[in-house]
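To keep things clear, I will list the structure first and then write my remarks on it.
The values are calculated or read from the model by the stated rules, or taken from the named source; none is laboratory data. Keep in mind that this is a model prediction, so the values were computed, not measured. We place every Cβ from the backbone using ideal geometry, glycine too, and count neighbours over all the protein chains shown. Side chains are part of the model used for accessible areas, which takes the heavy atoms of the whole protein and leaves out ligands, DNA and RNA. Shrake-Rupley method; radii C 1.70, N 1.55, O 1.52, S 1.80 Å.
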Amino acid sequence: MARDLQSLQKQYNRGDLNMMPRHGMGPGGGRRGRGAPGFDGPKKLDMKVVKRLASYISEYKFRLMLVIVFMLLSTGATIIGAYAVQDIVNGLVYNETHYWFEGSAIEIRFENTVSYLAAILVVIGAIYMIGVFCSYMQSRIMLIVSQNATENIRNDLFNKMQGLPIRYFDRQSVGEIMSRYTNDIDNIDVMLNNTIVSLVSATIEIIGYGVAMLITNYWLAFVVIAFVPLFIKLAGMIAKKSSKYFKSQQAALGALNGYIEESVSGAKVVKVFNHENDCTEEFGLLNNDMREQQFKANFYGGIMGPILGNSTQVTYAVVAGVGGILCLASLAWGDSWLLPNCTVGVIASFAQFARKFSFPITNVSQQTNTIFSALAGAQRVFAVMDETPETPDVDDAVSAKDIHGEVVLDDVTFGYIPEKTVLKHISLYAHPGQKIAFVGSTGAGKTTVTNLINRFYDIQSGSITIDGTDIKQYRLSELRENVAMVLQDTHLFTGTVMENIRYGRPDATDDEVISAAKTASAHSFIMRLEKGYDTLLEGDGANLSQGQRQLLNIARAALSKAPILVLDEATSSVDTRTERHIEHGMDRLMKNRTTFVIAHRLSTVRNSNAIMVLEAGEIIERGTHEQLLELKGRYYELYTGKKELD
């Protein structure tokens, strides 16, 4: 039965922090849920987010100064052009004779209105061309700044993710993570590129036109300015609604992306279990929720422009009415400080000023959807950046370059969640070159033990030492260089077969890569590929069988010179005949290496130096294959088939 919307959103977006890890990292190595500790934003706008975004563009102070200079020049050109309208109109209406630089050595006198109008139109045209050039330059420079800032945000996000612990990715859906890189950062890019320019430009224009209006006629200026509180009030009311829905839209988008990613990657499972109808229904719920959130967000973001635009028309009408009255009064009683000059040209200029004055307010308000989408996205991106990174190395960290591979677990207790213990008082040792096997029911804690050796998680109590040194004292990167893993879930990168095997040791030669492939019994099938080792793999090796993908992963581990090897169901995806070939290679691979093997096929662990039988997080039996059979306990039951593995 398909799940309801609330359940889907919780799993894919808002998350369930108590879910067990996935991708084979939790008990039993299986997927345990598919949620993300998502983020649906604070209840009100956090100025810290705005300041944090501003820090990314403040690095380019010189370019930003150039942008402001070009904005000032562009705004100045527009103001001069609008101011000149009154001279043009007055020249036509009153047929005046004009002077330029009257009384100076370079006085220019125009004998008639036509010559004056022709001259002033040329000058205004030149001024507007300067304004267009400045506008172009400010847009181009700001585009460079915004793209660089976006690149830095994306780099910081990716670098942060490289330092996050495994437990973060265990609780995240891939689609939700990808949504941060695509939708969220794209929204930030749009805002930095367009909206920041609009906000700064609007501030400059409002101040510039406000001063120009006060100089021209302060009564008409007061009329225009009186409408500003109304604009702000309307914008604030709509923005309050819009902000809430844009946060919901981003959350819904993350949930939808997460579901799509898992549905596509699990398409075979969906079809095998005839889950297509339920899958379609669940997608429909998420998609419908996305549509509703987008509609509400864009509706409230979109109506602001028309509302403020109509308010601007009211401003025009009032300015024209009051201007006409002042014009008649000026003709009747003359000019004075109380009744400044008001002509038809002044009214014409003021119509331009009023439009230009209200335009930046309207323009910014129309970008409310962009602003809140970007801020909601920024909150989600910064939420990832603020995640707790992996535990840093201690100040006096020890080098792990010369590890031999003696591993000791002493009274180790661990739980993925502190209140739910997975391993209980585990103690074991492995000498260099020994093979230690773990068997037991699914969820008994086998994979968890090996994850702790790598410090994918830190234990709650007890200690884990390698060569007598607590693993917390080693440099983490060097520790992991000394532990090679072959997991049950295979993963191949886009690239050639050679490059994928070389991932185990980047400085390996081609001959060493081929030798590792032979050790893993992968060489023969690689040579049958179209281009052999140069065959390009895409889509996680989709053109290979599951067994072939696993062989490449084994070859990758074989190439590594790590003294400690972890095989987590490494041969579970290959057939019995191939497994027999691999076992011979494994013997060579495990020589002089401390090896931990997790296997359900008990035939693969018979030659282990010690076998640990785990149940419910405890080691209930330990010994060699022969010793455990003599006990006739749990291992005996599993091996003889009297009791199957869960």
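Yes/no matrix, rows are residues, columns are (1) β-branched (Val, Ile, Thr); (2) closer than 30 Å to PHE246 by Cβ; (3) modelled with pLDDT under 70:
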residue: GLN293; (1), (2), (3): no, yes, no
residue: ALA317; (1), (2), (3): no, no, no
residue: GLY321; (1), (2), (3): no, no, no
residue: LEU338; (1), (2), (3): no, no, yes
residue: VAL346; (1), (2), (3): yes, no, no
residue: LYS356; (1), (2), (3): no, yes, no
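Tell me whether the range 147-163 contains one or more residues that are surrounded by fewer than 16 Cβ atoms within 10 Å (Cβ to Cβ) and among the aliphatic types (A, V, I, L, M).
The answer is no; no qualifying residue exists.
For the condition open to solvent by 30 Å² or more (accessible area, probe 1.4 Å) and either under 19 Å from ASN482 (Cβ atoms) or in contact with a helix residue (DSSP H, G or I) (Cβ under 7 Å, 6 or more places away or on another chain) (or both), what is the one hit in SER427, SER399?
SER399 is the lone residue from the list that is open to solvent by 30 Å² or more (accessible area, probe 1.4 Å) and either under 19 Å from ASN482 (Cβ atoms) or in contact with a helix residue (DSSP H, G or I) (Cβ under 7 Å, 6 or more places away or on another chain) (or both).
So which of TYR245, TYR259 ends up being assigned to a helix (DSSP H, G or I), within 25 Å of the chain's Cα centre (by Cα), at pLDDT 80 or above and not charged (D, E, K, R)?
Step by step, each of TYR245, TYR259 is checked, and only TYR259 is assigned to a helix (DSSP H, G or I), within 25 Å of the chain's Cα centre (by Cα), at pLDDT 80 or above and not charged (D, E, K, R).
Restricting to the range 424-464, give me the number of residues that are part of a strand (DSSP E or B), under 37 Å from the mean Cα position of the chain (by Cα) and polar (S, T, N, Q).
2
Restricting attention to the range 511-518, does a residue exist that is of a type in the set (A, V, I, L, M), assigned to a helix (DSSP H, G or I), under 21 Å from LEU428 (Cβ atoms) and modelled with pLDDT of 90 or more?
Scanning the range 511-518, I find no residue that is of a type in the set (A, V, I, L, M), assigned to a helix (DSSP H, G or I), under 21 Å from LEU428 (Cβ atoms) and modelled with pLDDT of 90 or more, so the answer is no.
Would you check if there is a residue in the range 202-209 being open to solvent by less than 30 Å² (accessible area, probe 1.4 Å) and more than 27 Å from GLN313 (Cα to Cα)?
no
Could you check how many residues of the range 430-458 are β-branched (Val, Ile, Thr), closer than 20 Å to GLU481 by Cα and open to solvent by 20 Å² or more (accessible area, probe 1.4 Å)?
0
Against the condition open to solvent by less than 20 Å² (accessible area, probe 1.4 Å), modelled with pLDDT of 80 or more and among the acidic types (Asp, Glu), how does GLU282 come out, does it pass?
yes
Here is a check on your reading of the model: is LEU479 within 32 Å of the chain's Cα centre (by Cα) and closer than 14 Å to TYR416 by Cα?
Against the criterion (within 32 Å of the chain's Cα centre (by Cα) and closer than 14 Å to TYR416 by Cα), LEU479 does not qualify.
Name the residue, out of ASN193, ASN277, ASN217, that is crowded, with 16+ Cβ neighbours inside 10 Å and within 33 Å of the chain's Cα centre (by Cα).
That would be ASN193, the only listed residue that is crowded, with 16+ Cβ neighbours inside 10 Å and within 33 Å of the chain's Cα centre (by Cα).
Go through the range 544-635 and tell me which helices (runs of 4 or more DSSP H), entirely inside it, have 3 or more residues that are modelled with pLDDT of 85 or more.
Per the criteria, 546-559, 625-631.
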